[in-house]
Amino acid sequence: MADTKLIGQPYTTPDLVAKVTGKAKYAEDYRVDGMLFCKLLVSPMPHARVKKLDTSAAMAMPGVKAILTADDMPGAAAGATLGENVQATAQAERGLTNEPLYQGEPILAIAAVDEATAAEAIEKIDIELEPLPFAVDPIETMRPNSPNARTQGNVWMRPTTPPAAPAAGAAAGRAGRGGGAAAPAPPQIAVWKWTDEDFAAAKDGQMPLGKATDEWSFGNIEEGFKKADLVLDETFMTQSTGHQPLETRTAMAYWQNGKLYLHGSTQSTVQTVASVARWTGTTPDKVVIISEYTGGGFGSKIPGAISMAIPALLSKKANAPVMMRVTREDEHFIGRARPGVLARVKAGFRKDGRITAIDMYAICDNGPYDPQGDARSASTTISLAYQPETMRWRGLTVLTNTPPKVSQRAPGGMQGVGIMEPILSKAARKLGVDQVEIHKINAPAGKAPFGPALPNGRQAYVTSAFVKEALDKGREMFKWEEKKALYSGKKQGSKARGLGVAVSPFAGGSIGFDGLFIIKPDGRVQIQSGIGNHGTHSAFDVHRVAAEMIGVPWEKCDIVFGSTAKNLPWTCISAGSQTAHAMTRAAHAAAKDCIKKLQEIAAKTKGGNPDTYKVANERVTGPGGSLTFAQAAQKAIELGGKFDGHEVPEDINNFTKTSAKALAGQGLMAVAKDAYPRDGQSQSYVIGFAEVEVDTETGVVTVIDYAAIGDVGTILNPRGLKGQLFGGSMLGLGHAKTQRWAYDQHYGVALARRFYQNKPPTMLDAPLNFTGDAVNIPDPETPTGVRGVGEPPVGAAYGAIMNAIADAIGDEIFRRSPVSADIILNALENNGKRTHEALTAHI
Amino acid sequence: MEDKKMLEDVPNSVTRRNFIKGVVAAGAVASSSAYLFRTATLQGQPSAAGAVERLITLNVNGQDRRVDVMKQETLAMTLRYKVGLTGTKIGCDRAECGACTVLIDDVPRYSCSTLTHTTRGQKIVTIEGLADAATGKLHPVQQGVIDEQGFQCAFCMPGFVMATVGYLKTNPNPTRQELAHGISGNLCRCQDYDKILTAMMRGAEHMRNA
């Protein structure tokens, strides 16, 4: 799209004035007459069973309106398809429970006239809990006869299924997961222990290599290792971290005429309907989601939150609106977290740095509920980022009594990059190869393969990769060579400087969703957006593609968003860097439909062949004359049928059909499904370059300079791009430097529950200099050229900053993140050899 | 002896008493009982005892507002639930994140950690009070946000804007680094600190030019 007016140009999103004047309404800002408030009774223990529960004294209190317990919560039938490749398990979370599986898990909820009353009623609940064995450390629960996190066992495992034969590059499904693997059978919980011999065989803080539940490979790693000039074998622990959006998962709900109206904090608007229906035991047609503004999610609110069911069902029981304000402390427990991944990687390198073999074993610290794919996704990310000639992956998904885990920005991808990068930079130093060069020689290019060997013997592959181009651009931007000559590994007084680089890929888009907009008889264009408004600007950005294509000024476009009562089209989840790719395709399809309809209307009105009419500057013009958009819209209403939405294409989703039906007759309706072909899986890439200063007397790490360069397709919104690059980099910086959990291993309770304890970065942690840019090369497999950008910056910063720390003070200082001051100081005291090993989680 | 005791005291043999001792030591409670409030609209309905409300006058955004407040009520709760100004956000309720920052006599303060009754006789300004009430013209710092498309989800934005407006009263011409220090008591989880700072610097420039 050369000479664009909108695409690639900065602009002000239409929601910004409301945000900056305080008028924007987030979930807790709504008020309804007679609204009740609710408080939760949560488990003080990591694993327990409710032995006795008497709510009568609480219920008898004046002002208490309803009490909700686990018995009121619907359960999903095991094996049922829940959409988005999720299958129901009998062990799934239900919102409230009689067998809490983590400290802070809600047991019951009380609705009362105000919070003080609800809290007092909580104190009047007569409850007795029986403590049960628990596990907060994934390695400890692998020991023989050790406690299990759940009564059924300590790992998730999938029974082996005959491999299906997905076409290479079939729909990516959930972001980054699986890398083209066959559709999984329903997972089961099992008891899975390693032997004493397994533990004894692991020396020097290395991860034991007991039996795994899961495995994939391609090529022959034995042959690969034979070709290697250098073999490294390292263990690394990436930490679990809460998502910690600044807005907690507050929700307010009421029922009207049998329909649930839920004002909630969610990343996705349209995609939250089905999940809330499931969690509340109703059907999607009975659910209206209102979410105009969401205060961040980062993966923790993809289809809303299961806790939304609590005010929804309390409201039904009390027959009154119920607001559930979630406190920061509650958010720590129910607010979701990234699974830590503990991994051991053996990697073989040729003299020039090329990777001949990777043998990886990864353990996902899964928390107590549904299986997360982070250990697997870490492996497919590694196979893509570093293109090893051969690779084997083994994995375990271990249950722990810690807060439920879910995808966090670059799920598994960030961990994979963090696990592999220290090995790569160590190899570079041992082989005397430049850090940028070792990334370049292993970089993916073109339709790069990744993940397991499929039944046809080949691997899945990506739509495109321009990583080498991005590495070259970044090296220039960051002045790598100059800095290297000046600083690398040099010490001035107590300050040591180091440089690091990292390549981070992640899934960059899905396909197959619908676009929907109307040209109104006043000439304005009303665009329906089902995308969540959680800070990425995608809810607005993607529609600039349609405006650009039909030649209408952005000022004449009205974006309708924020409520599923507003007739929105079928839309992807606002997560996994999918939206910019998926919904620009949908916008493109709708715009093409619009242009075709304009041409047909013009031909019908002015005569001639539709193809001879051109659409530009708010007019459709051809040999017979010209119509304004306003005139064409009026004509569309007169013509009816497909022109004003009374007839819609067969292939669009039923959700869109319902919306189109409600909007029919208002103007020229453009509605279409993204049916464009795509060869390969869409992946985006970000390269991080970091310069750090480590104070060897205090252990403080300062990021002096940081550059993030994206290979993320066509730039859609340069401000959005830079914001995503910077924000994502800061999340990676937080994981590298400060963010962590701490657990009392004896009692299984969380010690770091608040911001000041688990330390997300502040403005003062930000790099002193930051540059963000992209190579701006269109992806060849999507008509708009656009791929997503939200995820890959995270791993890039995480890896690059850790590499820079190692460059400054040594390769043997750390084997876990965050690389905190105590890790640095203790290792330096210990002659540069680490004192903090990788094997214990949450310390 | 000591070793044997240690061995017996493993997690899967934990007793209820030991457990509760541990929990008490760790400071956990069954529900977080702080962060509570009562709403003015619900007065007169039967509710549990606890707090006596008292009618006081607050000066908010240039207007005197009569409100019933409990003695332990925080300003954030009063503003949000009794004065109806929901632009002030509560991110942590413990003075960690700054989302609730308002100006009290021109000084940026965490309203989640300020008792309402202590603000009597003082001038409170919230995000809703920045723009010109008559014309709707945005405050220069708000205009800076618009110009630079500062912020992502913007839940932290009101706090950042108020902290900046307050800081600029003490230092109207800060360097980027000075301003970063001045507003570092505010947390952004989208972590778009670079663009926030750019927007706030643009706002400072607008103020100097006004």
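Among A:VAL322, A:VAL786, A:VAL648, B:VAL107, rank each residue by its count of other Cβ atoms within 10 Å, from fewest to most, as a rough exposure measure.
Fewest-to-most ranking of A:VAL322, A:VAL786, A:VAL648, B:VAL107: B:VAL107, A:VAL648, A:VAL322, A:VAL786.
Please report the net charge: other residues with Cβ closer than 14 Å to the Cβ of B:ASP192, K and R +1, D and E -1.
My count for the surroundings of B:ASP192 gives +3.
In Å and whole numbers, how far do the C-alpha atoms of region B:135-209 stretch along each principal axis, longest first?
That works out to 31, 29, 16 Å along the principal axes.
Considering only the other residues whose Cβ falls under 9 Å of the Cβ of A:LEU431, what net charge follows from Lys and Arg at +1 and Asp and Glu at -1?
With Lys, Arg at +1 and Asp, Glu at -1, the net is +2.
Using a simple charge model, +1 on the beta-carbon of Lys and Arg, -1 on the beta-carbon of Asp and Glu, nothing else, what dipole does region A:730-843 show about its Cα centre, in debye to the nearest 20?
420 debye
Applying 1/(1 + (r/R0)^6) with R0 = 22 Å to the Cβ-Cβ distance of B:GLU178 and B:ASN209, what FRET efficiency is obtained, to the nearest 0.05?
So the FRET efficiency works out to roughly 0.70.
In which sequence would A:ASP674, B:ASP132 go, from the one with the fewest C-beta neighbours within 10 Å to the one with the most?
Least to most surrounded, the residues fall as B:ASP132, A:ASP674.
Once every DSSP H run of n ≥ 4 in chain A is given -39500 (n - 2.57) and the sum is divided by its residues, what mean residue ellipticity at 222 nm do you get, rounded to the nearest 500 deg cm²/dmol?
Calculated from helices alone, the mean residue ellipticity at 222 nm is -8000 deg cm²/dmol.
Give the dimensionless ratio obtained when the Cα radius of gyration of the protein assembly as shown is divided by 2.2 N^0.38 Å.
0.92
What net charge is computed for the residues neighbouring A:PHE629, neighbours being all others with C-beta under 10 Å from the C-beta of A:PHE629, Lys and Arg scored +1, Asp and Glu -1?
Residues near A:PHE629 contribute +2 overall.
Find how many whole Å separate the alpha carbon centroid of region A:726-793 from the alpha carbon centroid of region B:146-210.
Between the Cα centre of region B:146-210 and that of region A:726-793, the gap is 21 Å.
Roughly speaking, what is the stretch gain from A:VAL32 to A:ASP651, that is 0.36 nm per residue apart minus the C-alpha to C-alpha distance, in nm to one decimal?
Between A:VAL32 and A:ASP651, full extension yields an extra 218.9 nm.
Give the Rg/Rh ratio for region A:7-70, taking Rg as the radius of gyration of the Cα atoms and Rh as the Kirkwood radius, to two decimals.
We get a ratio of 1.25 for region A:7-70.
What percentage of all Cα-Cα pairs in region B:53-129 are separated by more than 18 Å?
Above the 18 Å cut-off, region B:53-129 has 27 percent of its Cα pairs.
Residue farthest toward the positive end of the dipole of region B:140-209, with Cβ of Lys/Arg at +1 and Asp/Glu at -1: which of B:PRO158, B:TYR193, B:THR170?
Comparing the listed Cα positions along the dipole, B:THR170 ranks first.
Dipole of chain A, Cα-centred, from +1 at each Lys and Arg C-beta and -1 at each Asp and Glu C-beta, to the nearest 20 debye?
Value, rounded to 20: 1080 debye.
Tally the DSSP beta bridges in region A:512-673 and give the antiparallel ones as a percent, rounded to 5.
So the antiparallel bridges amount to about 80 percent of the total.
If you place +1 on the Cβ of every Lys and Arg, -1 on the Cβ of every Asp and Glu, and leave all else neutral, what size is the dipole of region A:398-557 about its Cα centre, to the nearest 20 Debye?
820 debye
Order A:577-588, A:508-519, A:652-663 from most to least packed using the mean count of other Cβ atoms within 10 Å.
With the highest mean Cβ count within 10 Å placed first, the list reads A:577-588, A:508-519, A:652-663.
Quick one: give the max-minus-min coordinate of the C-alpha atoms of region A:512-673 along each principal axis, largest first, in Å.
Principal extents (largest minus smallest coordinate, Cα): 47, 26, 25 Å.
Would you tell me the mean number of C-beta atoms belonging to other protein chains that fall within 10 Å of each C-beta in A:36-48, as a whole number?
That works out to 4 on average.
Among A:GLY665, A:ILE531, A:PRO783, which residue has its Cα furthest toward the positive end of the charge dipole of chain A, with +1 on Lys/Arg Cβ and -1 on Asp/Glu Cβ?
A:GLY665
For region B:58-158, which trypsin sites (Lys or Arg not before Pro) pass both filters: DSSP loop (anything but H, G, I, E, B) and at most 16 other C-beta atoms within 10 Å?
Taking region B:58-158 and a limit of 16 other Cβ atoms within 10 Å, the loop trypsin sites (Lys or Arg not before Pro) found are B:LYS71, B:ARG120, B:LYS137.
Enumerate the amide H contacts of A:ASN533 below 5 Å, restricted to partners 5 or more residues apart or on another chain; note that Pro and chain-start residues carry no placed amide H.
For A:ASN533, whose amide H was placed from the backbone, the distant partners under 5 Å are A:THR294.
Would you please give the residues with an amide H less than 5 Å from that of A:GLY625, counting only those at least 5 places away or on a separate chain, with H modeled from the backbone geometry?
none
For region A:1-56 and region A:123-154, what is the separation of their Cα centres, given in Å?
First find each Cα centre; the distance between them is then 32 Å.
Given region A:543-589 reduced to its alpha-carbon atoms as identical point scatterers, what log10 I(q)/I(0) does the Debye formula return at q = 0.22 Å⁻¹?
Result of the Debye calculation: -0.91.
Every read-out reported here was derived from the displayed coordinates using simple, explicitly stated rules and does not represent laboratory data. These numbers were taken from a predicted model, which means no experiment stands behind them. Don't worry about glycine lacking a Cβ; one is built from the backbone with ideal geometry, like all the others, and counts go over all protein chains shown.
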